[in-house]
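Colleague: Below: one structure in structure tokens.
The values are calculated or read from the model by the stated rules, or taken from the named source; none is laboratory data. On a predicted model such as this, the values are computed, not experimentally measured, just so you know. All Cβ positions, glycine included, derive from the backbone under ideal geometry; neighbour counts span all protein chains shown. What goes into the accessible areas is simple: the full protein's heavy atoms, side chains included, and nothing from ligands, DNA or RNA. Shrake-Rupley method; radii C 1.70, N 1.55, O 1.52, S 1.80 Å.
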There are 2 protein chains.
Amino acid sequence: MHKEHTLTKNQRIIFDLIDKSPEPLKAYSILFNVQKKGIKAPPQVYRALDKLVEMGKIHKIESRNAFIACHNSSCQVAKATAFSICEICEKVTEISSASLSKYLANFKDKDGMKYSKYNLEFFGLCKKCNTR
Amino acid sequence: MHKEHTLTKNQRIIFDLIDKSPEPLKAYSILFNVQKKGIKAPPQVYRALDKLVEMGKIHKIESRNAFIACHNSSCQVAKATAFSICEICEKVTEISSASLSKYLANFKDKDGMKYSKYNLEFFGLCKKCNTR
DNA sequence: TTACATAGTGTTATATTATAACAATTTAAA
DNA sequence: TTTAAATTGTTATAATATAACACTATGTAA
């Protein structure tokens, strides 16, 4: 459950844009799209993005420097995220698999260390691109 | 098994630097360090980095925009990588776990899609930082 | 060997992504 | 209601990465 009501003006504007987008958005494309709403400079965008990521409302796709709205109630406040990325059409989908998150949350490295936070990006071809 | 012998001059210089480094190196820090060896401009660095990544000799730590030498014979030519990253000291360690790589290589998403390539970054505290 | 393709190099310029720094304003809580 | 914390607006600049083009080296196949 997210607490939508706590978003500030800029956060709201930027979240709505990302949430409506079918694909991940890059910071400067966001900037371009919200200039008519009074958000004029990069720091305004990056600050909102930082907060939204912190809240778990959006995620950063690290390999693409792009942002996508969270569509997965099980990624606890941006701590544990997994995505599939199509290398042809660049479609990004958030993976919500209880088995995967359980496996990764319990994964221990050689020293027995556990890591509560992770980001996983799978690459391949999406269904569409795979059959073309 | 890597084929060391196929590295070109610039690739060799840059790989050696990364390989000797105890921590991931950023592109411009690499550039600074190899200028005395005649590599003077960003494209020369990025081209070598691209090839080395392609070969699986180094990996890019996406969340840090930094490069680390491969220390894991099981990450097949850069296709399947996993790292742990300490959020305090920024120490990065390549994870080589047969169980993990097997699990991820066999992971199927909701549509039954398999992804042969992935990058996983775990975040937390390393042993040292955890006990301080 | 020659010639051809492919890969790598050197270089300049520029595009893209992100943050520093500081003043002003809003918000929430004591 | 006044104070602290968070948010905003703004300018400038830092950090990361690629485009484009001329040139050189390397491998290969006729």
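Colleague: Which value, in debye to the nearest 20, describes the size of the charge dipole of the protein assembly as shown about its Cα centre when Lys and Arg Cβ atoms bear +1, Asp and Glu Cβ atoms bear -1, and nothing else is charged?
Modeller: On the way: 46 positive and 26 negative charges, 63 e Å.
Taking the Cα centre of the protein assembly as shown as origin, the dipole is about 300 debye.
Colleague: With +1 on each Lys and Arg Cβ and -1 on each Asp and Glu Cβ, how big is the dipole of chain A about its Cα centre, in debye rounded to the nearest 20?
Modeller: Values: 23 positive and 13 negative charges, 58 e Å.
Dipole magnitude for chain A comes out near 280 debye.
Colleague: Divide, for the range A:76-130, the radius of gyration over alpha carbons by 2.2 N^0.38 Å, where N is the residue count. Write out the running numbers ahead of the final one.
Modeller: Working: Rg = 13.3 Å, N = 55, 2.2 N^0.38 = 10.1 Å.
Rounded to two decimals, the normalised Rg is 1.32.
Colleague: Residues of the range B:78-132: accessible area per residue at 1.4 Å, in Å²? Walk me through the numbers on the way to the answer.
Modeller: Numbers: 2900 Å² over 55 residues.
For the range B:78-132, the solvent-accessible area averages 53 Å² per residue.
Colleague: Right, something else. In µm²/s, what is D for chain B at 4 °C and 1.567 mPa s, where D = kT/(6 pi eta Rh) by Stokes-Einstein and Rh is the Kirkwood radius from Cα pairs? Could you put the intermediate results ahead of the total?
Modeller: Working: Rh = 15.9 Å.
Answer, rounded: 82 µm²/s.
Colleague: Helix-only mean residue ellipticity at 222 nm, chain A, DSSP H runs n ≥ 4 weighted -39,500 (n - 2.57), per residue, nearest 500. What is it? Present the calculation step by step, with values, prior to reporting the outcome.
Modeller: Details: 5 runs with 47 residues, N = 132.
Result for chain A, helices only: -10000 deg cm²/dmol.
Colleague: On the full set of protein chains, 1.4 Å probe, figure out the accessible area of B:K128 and give it in Å² to the nearest 10.
Modeller: Solvent-accessible area, nearest 10 Å²: 150 Å².
Colleague: Per-residue accessible area for A:H71 at 1.4 Å probe radius, Å² rounded to 10?
Modeller: 120
Colleague: Roughly how big is the range A:4-69's charge dipole about its Cα centre, with Cβ charges of +1 (Lys, Arg) and -1 (Asp, Glu), in debye to the nearest 20? Each step should come with its number before you reach the end.
Modeller: Values: 12 positive and 7 negative charges, 60 e Å.
Using only the charged Cβ atoms, the result is roughly 280 debye.
Colleague: Tell me, what % of the accessible area of the protein assembly as shown is carbon and sulfur with a 1.4 angstrom probe? Before the final figure, lay out the partial values.
Modeller: Working: 8030 of 14970 Å².
It is 54 percent, rounded to a whole number.
Colleague: Scan chain B and hand back the longest stretch that contains none of the GluC sites (Glu not before Pro) lying in DSSP loops with at most 15 other Cβ atoms within 10 Å. List each step's numbers first, then the result.
Modeller: Values: sites that count: B:E87, B:E90.
The longest such stretch corresponds to B:1-86.
Colleague: Roughly how many Å² of B:R12 are accessible to a 1.4 Å probe, to the nearest 10?
Modeller: 80
Colleague: Which distances in nm, rounded to one decimal and ordered from shortest, link the label point of A:K36 to the equivalent label points in the other identical copies, with labels set 7 Å from Cα toward Cβ?
Modeller: Taking the point 7 Å beyond Cα along Cα→Cβ, the inter-copy spacings are 5.6 nm.
Colleague: Defining the label point at 7 Å along Cα→Cβ, can you sort the distances from B:E90 to the same site in each other copy, shortest first, in nm?
Modeller: Here B:E90 shows inter-copy label distances of 2.8 nm.
Colleague: Run the numbers on the range A:86-132: which residues show a drop of 50 Å² or more in accessible area, chain on its own versus all protein chains together, using a 1.4 Å probe over heavy atoms?
Modeller: A:Y103, A:F107, A:M113, A:Y115, A:K117, A:N119, A:F122, A:F123, A:K127
Colleague: OK, next. Quick one: work out the % antiparallel among DSSP beta bridges in the range B:76-130, nearest 5. Could the numbers behind the result be given before it?
Modeller: Details: 4 of 11 bridges.
Counting DSSP beta bridges with both partners in the range B:76-130, the antiparallel share is about 35 percent.
Colleague: Once Lys and Arg get +1 and Asp and Glu get -1 on their Cβ, which of A:L25, A:F122, A:S63 lies farthest toward the positive end of the dipole of chain A?
Modeller: About the Cα centre, the residue reaching furthest to the positive side is A:L25.
Colleague: Next question, about the same structure. I need the P(r) histogram for the range B:4-69: all alpha carbon pairs, bin width 10 Å from 0 out to the longest distance, whole percents.
Modeller: Calculated over all Cα pairs of the range B:4-69, the distribution is 23, 62, 15, 0 percent.
Colleague: Comparing B:S101, B:S21, B:S63, which has the greatest mean-square fluctuation in the GNM of chain B with Cα pairs linked when under 10 Å apart?
Modeller: Fluctuation is largest for B:S63.
Colleague: Taking 0.36 nm per intervening residue step and subtracting the Cα-Cα distance, what contour gain separates B:K20 from B:K110 on full extension?
Modeller: Values: separation 90, 0.36 × 90 = 32.40 nm, distance 4.19 nm.
Stretched out fully, the B:K20 to B:K110 stretch lengthens by 28.2 nm.
Colleague: To the nearest 100 Å², how much accessible surface do chains B and A cover up together, summed over both, with a 1.4 Å probe? Let's see the in-between values first.
Modeller: Numbers: alone 8810 and 8790 Å², together 14970 Å².
Result for this pair: about 2600 Å² buried.
Colleague: Turning to a different aspect of this structure: Please list the equivalent ellipsoid semi-axes of the protein assembly as shown, computed as the square roots of five times the alpha-carbon gyration tensor eigenvalues, in descending order and whole angstrom.
Modeller: Values: eigenvalues 193, 112, 77 Å².
Each semi-axis is √(5λ); the values are 31, 24, 20 Å.
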